[in-house]
Amino acid sequence: MNQLAYLWHPLRRLSTNRLSARRLRSQLPRKFCTMSVNVPGSGRTIDQTMTEDTTLALEYRYIDIGVNLTDSVFRGRNRGWGSKVIHHEDDFDLVIGRSKQAGVESMIVTCGSLRESKEVLKLAKDHNLYATLGCHPTRSGDFDKFEGGPETYLHCIDETISRHLEGPGRIVAVGECGLDYDRLHFADKETQKKHFRSQLSLAKKYHLPLFLHSRAAAQDLSIILREEGFGEDGGKAVGGRGGVVHSFTGTVEEMRELHEMGFYFSVNGCSTKAADQLETIKQIPLERLMLETDAPWCSMKPSHASKMHLDTLPPALRCKYFPPAVKGENFEIGKAVKDRNEPCSVGGVAWVVSRLHGVPFEDVVDKCWNNTVEVFGLHELA
Ligand SMILES: [Zn+2]
């Protein structure tokens, strides 16, 4: 077991025993802490020494509900600016290591097409994570191009879901699906609407939550959801289990409508770009909030409205959530890459939310954790 896993594993077990790392730490001298930890399953006790930084970051645990971990940018193919592609060493394992150091205990790997499902499901299984399965609106043309037609495409998604409902790497949501009217050059409105609607049948059939993508299309999204029985209680009456609008960038009114229908909202660096978005986040009840990075996309940037709040992040957390980064062309193994978002930064989103809501940081972290466990049924993590 490497050093990081050694530090991380016993603490995680302790927190599942309802003896939180936070409470443990408060009983220990600061700066340099030593404590006896039971090694799970062995009956053995070890003396574990931790630095202040390590214990502080591990006090807060996260489930990043939206990560695109199969993106080749995590395998050394960095797209850089424009069409320029920079190749560097595959540092996927280091990205996962940094996320663990930042308290990210699990993730839901986003899958946006049947074509990428095999890779996503294998990755989720290999790393004991979770996955979604659906067709992203910008790829909804795949339904019509598929051999055998749209019905066969839907049937293949259906059949793949049915085979992956249990065990490590299981599918916990139908998605990402929805509407994206900002990118109609990939699929027009009618194509998007038709195939969004058809995927809702799978959420009803398998009683799975929806992982929704909505961009510049809130009205049509709500209309379709209502017409398909998701207008109340997240569609409970028709077999649905609600769901989450990921990367939420809508208005307060849009949020209120979906809230009334029983849906949740997940925020990331794209949701905290502009001042008016921050005002919207203030209005989202913590009981309906989740956290994500949408990595490698949606980084939090110094030009964003979130900066003034991020500036107050304690250094011990900053070094875990935003580790030193270099430009892709100057890649150094062990360092993050500028503008390539990583799941370790999910705590930065939580920090901004806590500042906007004016509540203790741990309240946001705990609420979002509980909401995620509840909606996606991840009770083995609780
Ligand atoms: Zn999306």
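What follows draws every value from the coordinates through simple rules; no lab data is involved. Bear in mind that the values here come from a model prediction, so they are computed numbers and not experimental data. FYI the Cβ positions are ideal-geometry reconstructions off the backbone, even for glycines, and counts take in every protein chain you see.
Take the alpha-carbon positions of the stretch 88-174, form their convex hull, and give its projected area averaged over all directions (one quarter of the hull surface) in nm².
Taking a quarter of the hull surface, the average projection is 6.9 nm².
Per residue, what volume in Å³ does the Cα convex hull of the stretch 223-357 take up?
121 Å³
Among all the aspartates and glutamates, which ones have a C-alpha under 18 Å from K367's C-alpha, if same-chain residues fewer than 8 places away are not counted?
Counting by Cα, and skipping residues close in sequence, K367 has these aspartates and glutamates nearby: E59, D64, E105, E287, E292, E380.
Please give the peptides 255-264, 61-70 ranked by average Cβ packing (other Cβ atoms within 10 Å per residue), highest first, as a rough proxy for protection.
My ranking of the peptides, most packed first, is 61-70, 255-264.
Classify the stretch 171-220: rounded, prolate or oblate, from the alpha-carbon gyration tensor (a ≥ b ≥ c, eigenvalue square roots; a/c under 1.5 rounded; otherwise prolate if a/b is larger than b/c)?
It is prolate, given that a/c is not under 1.5 and a/b is the larger ratio.
Checking the cross-link filter: which aspartates and glutamates have an alpha carbon closer than 18 Å to that of K236, excluding same-chain neighbours under 8 positions apart?
K236 reaches E227, E228, E257, E260, E374.
Once the other residues with Cβ under 12 Å from the Cβ of E119 are scored (Lys, Arg +1; Asp, Glu -1), what is the net sum?
Result for the neighbourhood of E119: +2.
With +1 on the Cβ of every Lys and Arg and -1 on the Cβ of every Asp and Glu, and nothing else charged, how large is the dipole of the stretch 90-238 about its Cα centre, in debye rounded to the nearest 20?
180 debye
How much length, in nm to one decimal, is gained on full extension between K307 and V85, taken as 0.36 nm per residue of separation minus their Cα-Cα distance?
77.0 nm
Looking at the calculated P(r) for the stretch 62-381, what percent of the C-alpha pair distances fall above 32 Å?
24 percent
For the stretch 314-375 and the stretch 171-211, write down the distance between their C-alpha centroids in whole Å.
Each part's Cα centre sits 28 Å from the other's.
Show me, bin by bin at 5 Å from 0, the whole-percent P(r) of the stretch 261-311 based on Cα pairs.
Going out from 0 Å in 5 Å bins, the stretch 261-311 shows 5, 20, 28, 27, 15, 4, 1, 0 percent.
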